[in-house]
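Please treat every number below as a calculation from the coordinates, not as lab data. For clarity, every value in this text was computed on a predicted model and none was experimentally measured. Positions of Cβ are backbone-derived with ideal geometry, glycine not excepted, and every protein chain shown enters the neighbour counts.
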Amino acid sequence: MDLVSRVKNILIDPVNEWRVIDGESGDGGTLLKNYVAVLAAIPAVCGFIGSMMIGGRIFTGLIGAIVGYLLTFFGVYVLAVIVYALAPSFAARKDFPSALKLVVYAATASWVAGIFSLIPAIAILSLLLGLYSLYLLYLGIPVLMRAPADKALVYTIVVVVCAAVVWILIGTIPAMLLLGPRF
């Protein structure tokens, strides 16, 4: 499936799209190269342009965008490992390719919502619309990880808490690199 169709389908008809995704291979290299690399660039590029509109420093903003973009790949992988590792605790299937597909495709809404970072005054919409990714995760867990319906919500909540910790830690790395120690 082409990128545009996948994005449209996961955002508009996620219930059916998760079934389609479940039948596909979960080749990590292909997912990272053909999906994450493209979509994760949206918030990085738009955030950089938006920060330049309000007087940001070009070098600092560019380094921050690049580091943040690269750390997104690390974050996706770490979250997939977490989803995979937690699976037995929720009577779910322990399958890494499925965990990776789940994390990658559930993040679609967040990455697409990054377009709002172009205009700093409405950048908060990126966060608000990015919350749809949590719903996508909830819908995908029973399909891809085969979590029983009665455990899917708790599995989702645990993954979301872990994701929040991972993204907070990842988000501090570019800031620490750019701002340096403050003594």
Inter-label distance for VAL15 and ALA37, nm, one decimal - labels placed 7 Å from Cα along Cα-to-Cβ: 3.6 nm
Model label zone, VAL154; criterion: amide N under 14 Å from point 7 Å along Cα-to-beta-carbon; scope the range 60-96: 87-92
Neighbour net charge for TYR84 - beta-carbon separation under 15 angstrom, K R +1, D E -1: +3
Inter-probe distance in nm under a simple model that places probes 7 Å from Cα toward Cβ, at THR30 and ALA164: 3.5 nm
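From Cα pairs below 8 angstrom and at least 6 apart in sequence, can you work out the relative contact order of the chain, rounded to a whole percent?
On the way: 213 pairs, mean separation 50.7, N = 183.
Relative contact order, the chain: 28 percent.
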Label assignment, Cα extents along the principal axes in Å derived from the structure, set (1) 55, 41, 33; (2) 46, 35, 30; (3) 49, 39, 28: (3)
Rounded Å value of the spacing that divides the Cα centres of the range 146-165 and the range 26-57: 26 Å
Members of LYS8/LYS101; LYS33/LYS151; LYS8/LYS94 lying beyond 22 Å, as alpha-carbon distances in this model show: LYS33/LYS151; LYS8/LYS94
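Please report, ordered by residue number, every helix of the chain (full DSSP H runs) that is 30 Å or longer along its axis going by C-alpha atoms and whose mean Kyte-Doolittle hydropathy reaches 0.5. Each step should come with its number before you reach the end.
Numbers: long enough: 58-86 (41 Å, 2.24); 149-179 (45 Å, 2.15).
Result, helices passing both filters: 58-86, 149-179.
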For the chain, size of Cβ-based charge dipole, Lys and Arg +1, Asp and Glu -1, in debye: 300 debye
Charge dipole of the range 1-78 about the Cα centre (unit charges at C-beta), most positive-ward option of ASN16, LEU71, VAL38: LEU71
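What dipole magnitude, in Debye to the nearest 20, does the range 1-73 give about its Cα centre under +1 on Lys/Arg Cβ and -1 on Asp/Glu Cβ?
Working: 5 positive and 6 negative charges, 71 e Å.
Around 340 debye, computed over the range 1-73.
With viscosity set to 1.567 mPa s at 4 °C, what whole-number translational diffusion coefficient in µm²/s follows for the range 1-68 from Stokes-Einstein and a Kirkwood radius over Cα pairs?
Working: Rh = 14.0 Å.
Calculated translational D: 93 µm²/s.
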Label-point gap, in nm, between ILE119 and LYS8 - each point 7 angstrom along Cα→Cβ: 2.4 nm
